[in-house]
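Let me give you the structure first, and then I'll get to my questions.
The values are calculated or read from the model by the stated rules, or taken from the named source; none is laboratory data. A quick note: this is a predicted structure, and the numbers were derived from the prediction, not measured. All Cβ positions, even for glycine, are placed from backbone atoms using ideal geometry, and neighbour counts span all protein chains on display.
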Amino acid sequence: MFPFTYTFEREIINDKTSENVIYTAREILREKKIKNILYGPGFVSFNEGFLKERSNWDYLSFIDDGKFTYNEKSKVLTYKVKLWKFNLFALAFLIITLIYFEGLFGKLLPLFGLIVNHLFCYFGSQGLIKEITHEINYLS
């Protein structure tokens, strides 16, 4: 669960250049209405900032920093993601609930919320790289 930084790697099975892979990743991020996209040779990154600066309320808007890099020699697309702000919000909710609610409800609800939040962020990020590699490998 800690430190809320994950790295996902997927193999690209087709012969694609770095430009093709980065272009596809950038286009999928644009389809998901992410506004703060920075791209260059071999990478695409995005940063959604704090809640008032979010471009939408998709699960990607809860990601703080995400970066896709493609190694053309090994044909591996790597996705590094940081999720600490959203998990910090859930942790604050956990602490507030523990303080103001007593009994079984006050102990189980925030813990359950923190676990669900963590799983939501983790599997959402994993699904994003899976969607991008599926697009690159089979649809383009």
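Being surrounded by fewer than 12 Cβ atoms within 10 Å (Cβ to Cβ), out of contact with any Cys (no Cβ under 8 Å at 6 or more places or on another chain) and at pLDDT 90 or above is true for just one of I13, I28. Which residue is that?
Among I13, I28, only I13 is surrounded by fewer than 12 Cβ atoms within 10 Å (Cβ to Cβ), out of contact with any Cys (no Cβ under 8 Å at 6 or more places or on another chain) and at pLDDT 90 or above.
When segment 107-140 is examined, which residues are found to be assigned to a helix (DSSP H, G or I), over 17 Å from K85 (Cβ atoms) and not hydrophobic (A, V, I, L, M, F, W, C)?
K107, P110, Q126, G127, K130, E131, T133, H134, E135, N137, Y138
Here is a list: F89, F93. Which entry is surrounded by 15 or more Cβ atoms within 10 Å (Cβ to Cβ) and either part of a helix (DSSP H, G or I) or polar (S, T, N, Q) (or both)?
Result of the check over F89, F93: F93.
Can you pull out every residue in segment 44-58 that is modelled with pLDDT of 80 or more and either touching a helix residue (DSSP H, G or I) at 6+ places or on another chain (Cβ under 7 Å) or in a helix (DSSP H, G or I) (or both)?
V44, F46
Taking I63 as the residue in question, decide whether it is out of contact with any Pro (no Cβ under 9 Å at 6 or more places or on another chain), at pLDDT below 90, among the β-branched types (V, I, T) and loosely packed, with under 15 Cβ neighbours inside 10 Å.
no
Then there's this: Please specify each residue of segment 1-30 satisfying the condition of being charged (D, E, K, R), in a helix (DSSP H, G or I) and within 15 Å of the chain's Cα centre (by Cα). Outline the logic, then answer.
Within segment 1-30, the subset charged (D, E, K, R) is 9-11, 15-16, 19, 26-27, 30.
Checking the rest, the ones that are also in a helix (DSSP H, G or I) come to 19, 26-27, 30.
R26, R30, listed by residue number.
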